[in-house]
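The values are calculated or read from the model by the stated rules, or taken from the named source; none is laboratory data. If you're wondering where the values come from, they're calculated on a predicted model, not measured in any experiment. Cβ coordinates were reconstructed from backbone atoms using ideal geometry, including for glycine residues, and neighbour counts include every protein chain displayed. The protein model used for the area step is the full one, side chains on, heavy atoms only, and it has no ligands, DNA or RNA in it. Shrake-Rupley method; radii C 1.70, N 1.55, O 1.52, S 1.80 Å.
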Amino acid sequence: MDHRTTPLPARLLLALTAVLAALLIPAVPAHADTTSTFTPGAAWDDTSGNALQMHGLGIIKVGGTWYGYGEDKAGETSSNTSFQAIPCYSSTDLQHWTFQGDALTEQSSGDLGPSRIVERPKVIYNSSTGEYVMWMHIDDTSYTEAKVGVAESTTPCGPYTYLGSSQPLGFQSRDMNLFQDTDGTAYLLSEDRANGLRIDKLSSDYLSVVSAGSSNGGSVALFADYEAPAMAKANGRYYLLASHLTGWSTNDDVYASSTSLSSGWTSFANFAPAGTETYNTQVANIIPVQGNSGTTYVYAGDRWTISDLGDSPLVWLPLTLSGTTANVGWQNSWSLDITTGLPTSGSSNPTSGGTYTLKNGKSSYLMDVSGASTASGGKIIQWVSNGGGNQKWTLRQVSGISDVFTLVSVNSGLCLDVPSSSTTEGVQLDQSTCGGGTNQEWALDPVGSYASSGDAAYQVTSLVSGYTAEDENNSTTEGSAIDQWPGNGGSNQQWTLAVS
């Protein structure tokens, strides 16, 4: 029928049908491209052009949408950090964030009143109760109360109903985080200045802490005193990241790992090159991005600007979790495919397939296969530059992780290797048939001018041991061994890559 002669009721019916269809069919996101790009340390605004206030990040994914929470520090300095609000943002790609409203706002009195400290809001969902549960650090401006507060809501952004605060199991709590295990059990990670960093178990409704037994004051685990904890689980292993206690100043953050929350933890070690102060950041959270091809873990850090905390840069970098090792390397920018869950590019590291020499920062000698050996087990030493193929290494990128490579000797075709996958300090490196193991995978992490330009010097870290390739004993003698040692920031652990 010609629409010009359609009776009025039919026209109304068509209009109503169109309206209903628009309501029922989800709107196509404004940013449908599944590749997101991050520029660590750059200004980061929400979709309205305001600086993101996701400091001390809390984050949760609901369906295809992430919700981010943080401390609203607009206009604040390190001498004025009183609570203003906890904003909630939404994003379908982790790059573009839309402000949805405040999950919690300043009240006239009480824990959320004037001149109060409310920090590090973290949210998890309880499928049994249907509630989103938020925990946060609650304190006075002198940081003498050292408590945690809890709130809940039936929707991700709330507003949340504040339920009160306490010291968990009677212990202090400052910087904190939440972790939800794959079986649904939830835990509070809590810094107790008097005793150390704690892992405490939450009740089944996630609203309180319950004792896990008589040891460690009822905690699941107790560590040395670290703050700003964050935890992830990958391939059945837990990784705990934390910061030393240096106030607003950054430091070399550390990690430990274990297959059990209550025991078997490795010693704490740096997860970024020593001396970079975790690329001038403090850990805020770990974001798992699971896609149809894999999972990327994103390190989310704060770079505190004490003169203007509201403009403190957010620094997000790819985090490698492999075996017992956690590693973060700098990227001037990098991209992540949200659909596949894999990184697609990075701009700070050497080129996969490129051939390089590696010059030691202490001795200025090159990483060399001793005697130009072509045998498996040939030892790695340092030697004066001579143009030989035994001093040239072809880099092959490992999957989509932009800072992890195998190093293949041009002369022998064998891979730089940690013999027998050793986790012992001081073991000399060798070359071996390329087999795809983590004993032949190396994170090339920029040091020195990582945040500006150049990026010529790298720490070369083994994924099997977490140790760094170094000129043994700071030697300046030809033929000295290249071994593995815990990262310490020394020039003998820095390597300048040059295209060969």
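Any residue at all in segment 59-74 that's aliphatic (A, V, I, L, M), under 20 Å from Asp175 (Cβ atoms) and either surrounded by 14 or more Cβ atoms within 10 Å (Cβ to Cβ) or touching a residue at least 40 places away in the same chain (Cβ under 8 Å) (or both)? Walk me through how you get there before you give the answer.
Taking segment 59-74 as the starting set, the residues that turn out to be aliphatic (A, V, I, L, M) are 59-60, 62, 74.
With the extra rule that they be under 20 Å from Asp175 (Cβ atoms), the set shrinks to 59-60.
Imposing the further condition that a residue be either surrounded by 14 or more Cβ atoms within 10 Å (Cβ to Cβ) or touching a residue at least 40 places away in the same chain (Cβ under 8 Å) (or both) reduces the set to 59-60.
Among the residues of segment 59-74, at least one is aliphatic (A, V, I, L, M), under 20 Å from Asp175 (Cβ atoms) and either surrounded by 14 or more Cβ atoms within 10 Å (Cβ to Cβ) or touching a residue at least 40 places away in the same chain (Cβ under 8 Å) (or both), which makes the answer yes.
Please specify each residue of segment 481-499 satisfying the condition of being closer than 17 Å to Leu416 by Cα, open to solvent by less than 20 Å² (accessible area, probe 1.4 Å) and not in a strand (DSSP E or B). If you could, list the steps in order and put the result at the bottom.
Kept after step one, since they are closer than 17 Å to Leu416 by Cα, are these residues of segment 481-499: 481-485, 493-497.
Right, trim to open to solvent by less than 20 Å² (accessible area, probe 1.4 Å) and you get 481-484, 493, 495.
Scanning segment 481-499 gives a single hit, Gln493.
Can you give me the number of residues within segment 321-331 that are in a strand (DSSP E or B) and open to solvent by 10 Å² or more (accessible area, probe 1.4 Å)? Walk me through it before giving the result.
Taking segment 321-331 as the starting set, the residues that turn out to be in a strand (DSSP E or B) are 321-322, 325-328.
Subsequent filtering for residues that are open to solvent by 10 Å² or more (accessible area, probe 1.4 Å) retains 321-322.
Adding up the residues that qualify gives 2.
Residue pairs, Cβ under 6 Å, 6 or more apart or interchain, first in segment 218-244 and farther than 13 Å from Ser260 by Cα, second of a type in the set (Gly, Ala, Ser) and open to solvent by 20 Å² or more (accessible area, probe 1.4 Å). List them.
Gly218/Ser211; Gly218/Ala212
Where residues in segment 224-272 are in a strand (DSSP E or B) and polar (S, T, N, Q), which of them is most open to solvent (accessible area, probe 1.4 Å)?
Filtering segment 224-272 down to residues in a strand (DSSP E or B) leaves 227-234, 237-243, 254-258, 269-270.
With the extra rule that they be polar (S, T, N, Q), the set shrinks to 243, 257-258, 270.
Values: Ser243: 2, Ser257: 0, Ser258: 1, Asn270: 51 Å².
Among those residues, the one meeting the criterion is Asn270.
Given the conditions (1) farther than 24 Å from Ile117 by Cα; (2) at pLDDT below 95, and given that His96 satisfies all but one, which numbered condition is not satisfied?
Exception for His96: condition (2).
Give the residues of segment 174-223 that are hydroxyl-bearing (Ser, Thr, Tyr) and surrounded by fewer than 19 Cβ atoms within 10 Å (Cβ to Cβ), sorted by residue number. Reasoning before the result, please.
First, pick out the residues of segment 174-223 that are hydroxyl-bearing (Ser, Thr, Tyr): 182, 185, 187, 190, 203-204, 206, 208, 211, 214-215, 219.
Thr182, Thr185, Ser203, Ser204, Ser208, Ser211, Ser214, Ser215 - these are the residues of segment 174-223 that are hydroxyl-bearing (Ser, Thr, Tyr) and surrounded by fewer than 19 Cβ atoms within 10 Å (Cβ to Cβ).
Can you name every residue in segment 119-173 that is part of a loop (DSSP other than H, G, I, E, B), out of contact with any Phe, Trp or Tyr (no Cβ under 7 Å at 6 or more places or on another chain) and open to solvent by less than 40 Å² (accessible area, probe 1.4 Å)?
Listed by number, the residues that qualify are Gly130, Ala146, Gly158, Tyr160, Ser173.
Show the residue pairs that are 6+ apart or on different chains and have beta-carbon atoms under 6 Å apart, the first residue being within segment 78-94 and over 15 Å from Glu106 (Cα atoms), the second being surrounded by 18 or more Cβ atoms within 10 Å (Cβ to Cβ) and of a type in the set (Gly, Ala, Ser).
Within 6 Å, the pairs are Tyr89/Gly68; Asp93/Ser36; Leu94/Ser36.
Output the residues belonging to segment 336-377 that are closer than 16 Å to Thr406 by Cβ and either more than 34 Å from the chain's Cα centre (by Cα) or not aliphatic (A, V, I, L, M) (or both). Give the steps one after another, and end with the answer.
Step one: of segment 336-377, the residues closer than 16 Å to Thr406 by Cβ are 349-356, 358, 367, 369, 376.
Asn349, Pro350, Thr351, Ser352, Gly353, Gly354, Thr355, Tyr356, Val369, Ser376, listed by residue number.
Go through (1) open to solvent by 50 Å² or more (accessible area, probe 1.4 Å); (2) of a type outside the set (A, V, I, L, M); (3) at pLDDT 95 or above; (4) touching a helix residue (DSSP H, G or I) at 6+ places or on another chain (Cβ under 9 Å) for Arg11 and report which single condition fails.
Going through the list (1) open to solvent by 50 Å² or more (accessible area, probe 1.4 Å); (2) of a type outside the set (A, V, I, L, M); (3) at pLDDT 95 or above; (4) touching a helix residue (DSSP H, G or I) at 6+ places or on another chain (Cβ under 9 Å), Arg11 breaks only (3).
Is one or more of the residues making up segment 444-458 in contact with a helix residue (DSSP H, G or I) (Cβ under 7 Å, 6 or more places away or on another chain) and open to solvent by less than 20 Å² (accessible area, probe 1.4 Å)?
No, there is no match, as no residue in segment 444-458 is in contact with a helix residue (DSSP H, G or I) (Cβ under 7 Å, 6 or more places away or on another chain) and open to solvent by less than 20 Å² (accessible area, probe 1.4 Å).
Take Gln84 and decide whether it is open to solvent by less than 20 Å² (accessible area, probe 1.4 Å) and modelled with pLDDT of 95 or more. Reasoning before the result, please.
Numbers: open to solvent by less than 20 Å² (accessible area, probe 1.4 Å): no; modelled with pLDDT of 95 or more: yes.
So Gln84 does not fit the description; no.
Just need a number here: residues in segment 332-366 that are in a strand (DSSP E or B), open to solvent by less than 30 Å² (accessible area, probe 1.4 Å) and more than 14 Å from Ser36 (Cα to Cα).
Within segment 332-366, residues that are in a strand (DSSP E or B), open to solvent by less than 30 Å² (accessible area, probe 1.4 Å) and more than 14 Å from Ser36 (Cα to Cα) number 5.
Quick one: which of Ser79, Ser109, Ser165 is touching a helix residue (DSSP H, G or I) at 6+ places or on another chain (Cβ under 7 Å), over 21 Å from Trp44 (Cα atoms) and of a type in the set (S, T, N, Q)? Working first, answer last.
Details: Ser79 fails: touching a helix residue (DSSP H, G or I) at 6+ places or on another chain (Cβ under 7 Å); Ser109 fails: touching a helix residue (DSSP H, G or I) at 6+ places or on another chain (Cβ under 7 Å).
Answer to the selection: Ser165.
For segment 368-417, which residues satisfy the criterion of being in a strand (DSSP E or B), of a type in the set (A, V, I, L, M) and either out of contact with any Leu (no Cβ under 8 Å at 6 or more places or on another chain) or in contact (Cβ under 8 Å) with a residue 60 or more places away in the chain (or both)? Walk me through it before giving the result.
The initial filter retains those residues of segment 368-417 that are in a strand (DSSP E or B), namely 368-369, 379-383, 393-397, 404-409, 415-417.
Within this subset, residues satisfying the condition of being of a type in the set (A, V, I, L, M) are 369, 380-381, 395, 404, 407-408, 416.
Result: Val369, Ile380, Ile381, Val404.
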